[in-house]
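Structure first, then comments.
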Amino acid sequence: MKVSLALALVPLLAAAAPSPSDKHHSKPKPKPKIEGLGALAVKAGLQYFGTAIDNVVLDNKNYTSIAFNVSEFNQVTPSNGMKWMYFEPQRNVFNATLADQIVKPARKAGQLRRCHTFIWHNQLPGWLTSRNWTAPELTAVLENHIKAEARYFKDDCIAWDVVNEAFNDDGTWRDTIWLRTLGKSYIELAFTFARKYVGKKTMLYYNDYNVERVNNKSLAVVELVKDFKKRDIPIDGVGLQAHFTVGRSPSYNETSASIAQFNKLGMEVAITELDVRLALPDTAEKSEAQAKVYADTVKACVDAKDCVGVTVWDFWDPVSWVPETFPGNGNACLWTEGFVKKPAYYAIQKVFQDAAA
Ligand code: 9MR
């Protein structure tokens, strides 16, 4: 064995030794390839760094070449296509066209998928909101929807946002068609149906914004999780959306403390919709402040006991939801309109590189 290995090495070594004439013509070393944020996130110990993707820009090659690049983003979330109004636009008529436009190329590219979302008060179809339901009727509608969508995507997603944004900032329950008709039990109904119909390994999440600090809202979610655990209602994770504003964002310590309160209850956490808006016009100073918010948030996830990944709520400014919702604000994403990476991109890159070093 030893002998044959040694013999086998001889020609290799001989070939590797430079001949005198090679000396002055040695090839320049190829530059080390800089990996994208997804690949770096994995080296830093996360499962993923991902992005939401919206259908409206799928015909833009500059966009799709970044969106479906597994090195840059090894996870994606469809921004809209899985929501009720698109997936069940008519009662019991299901349509996965928009979701599939994102899920299929993502699967092909080897990107993980998060599914978003079964139960929300927004983006509901008219047939559902324009009439009154009895509690048994609405329960049947809820189960039918979750069953159809969960079965359609089977094991496609590592996680489902089962219920989205059920609380007000003061910790009270948001007044929605679900709460009004079914009372507080609607959240446990949704999680129970989700557990029954999604793939066994799919993690079931509660997802919300303004829960990235220990505050009334995040404490309401803590209470929900405690109650579910006590009563054996299935729940696996809490998503912190992290829609932030320069100058008003949680610090590294605040985000870390919020993640920890959920980890302590055995919940995995993900940063599910990170973006950092600023008051326009942008300046170098604001961009640097934005970079720090992005980096602090990502670092809080990297350093936490069980924060599995970070998803940005799109990476390209022209498709961000921000300017329409907060006029005068914008530039919340990692890439400029001209597809130039911002300081925030490099700040996240450094967080991952430092963590992996
Ligand atoms: O990005 C989504 C945007 O295209 C939709 O118009 C909007 C409708 O409310 O929803 C956006 O996504 C939201 C997400 O589903 C839940 N958290 C807040 C996100 C930004 O509004």
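Values quoted throughout were computed directly from the atomic coordinates according to the rules given, and no laboratory measurement underlies them. What you see is a predicted model, and the numbers here were worked out from it, not measured in a lab. Positions of Cβ are generated from backbone atoms using ideal geometry, with glycine treated the same way; all protein chains shown enter the neighbour counts.
Between GLN241, MET267, THR255, the Cα set farthest toward the positive side of the dipole of the stretch 152-290 (charges on each charged residue's Cβ, about the Cα centre) is that of MET267. For the chain, the dipole from Cβ point charges (+1 on Lys and Arg, -1 on Asp and Glu) about the Cα centre works out to 1200 debye, to the nearest 20. Computed over neighbours whose Cβ is under 11 Å from that of VAL163, the net charge equals -3, Lys and Arg +1, Asp and Glu -1. For the chain, the list of Cys residues with no other Cys C-beta under 4.7 Å reads CYS333.
According to the Kirkwood relation over distinct C-alpha pairs, the hydrodynamic radius of the chain is 21.9 Å. The alpha-carbon atoms of the stretch 106-165, seen along their principal axes, cover 43, 20, 18 angstrom, with the largest extent given first. A simple count of charges around ASN122, restricted to other residues whose Cβ falls under 11 Å of its Cβ and scoring Lys, Arg +1 and Asp, Glu -1, yields +1. Helical runs assigned H by DSSP (4 residues or longer) give the chain a calculated mean residue ellipticity at 222 nm of -13000 deg cm²/dmol, each run adding -39500 (n - 2.57) before division by the residue total.
From the alpha carbon centroid of the stretch 284-332 to that of the stretch 234-281 is 11 Å. Size descriptor for the stretch 101-246, Kirkwood hydrodynamic radius: 16.1 Å (Cα pairs only, one decimal). Just so you know, the averaged projected area of the alpha carbon convex hull for the stretch 29-117 sits at 6.9 nm².
Any idea what angle helix 343-356 forms with the longest principal axis of the chain, computed on alpha-carbon atoms, 0 to 90 degrees, nearest 10? Approximately 70 degrees, to the nearest 10.
Relative to the Cα centre, what is the charge dipole magnitude of the stretch 278-357, using +1 at the beta carbon of each Lys and Arg, -1 at the beta carbon of each Asp and Glu, and rounding to the nearest 20 debye?
Working: 7 positive and 11 negative charges, 42 e Å.
It works out to roughly 200 debye.
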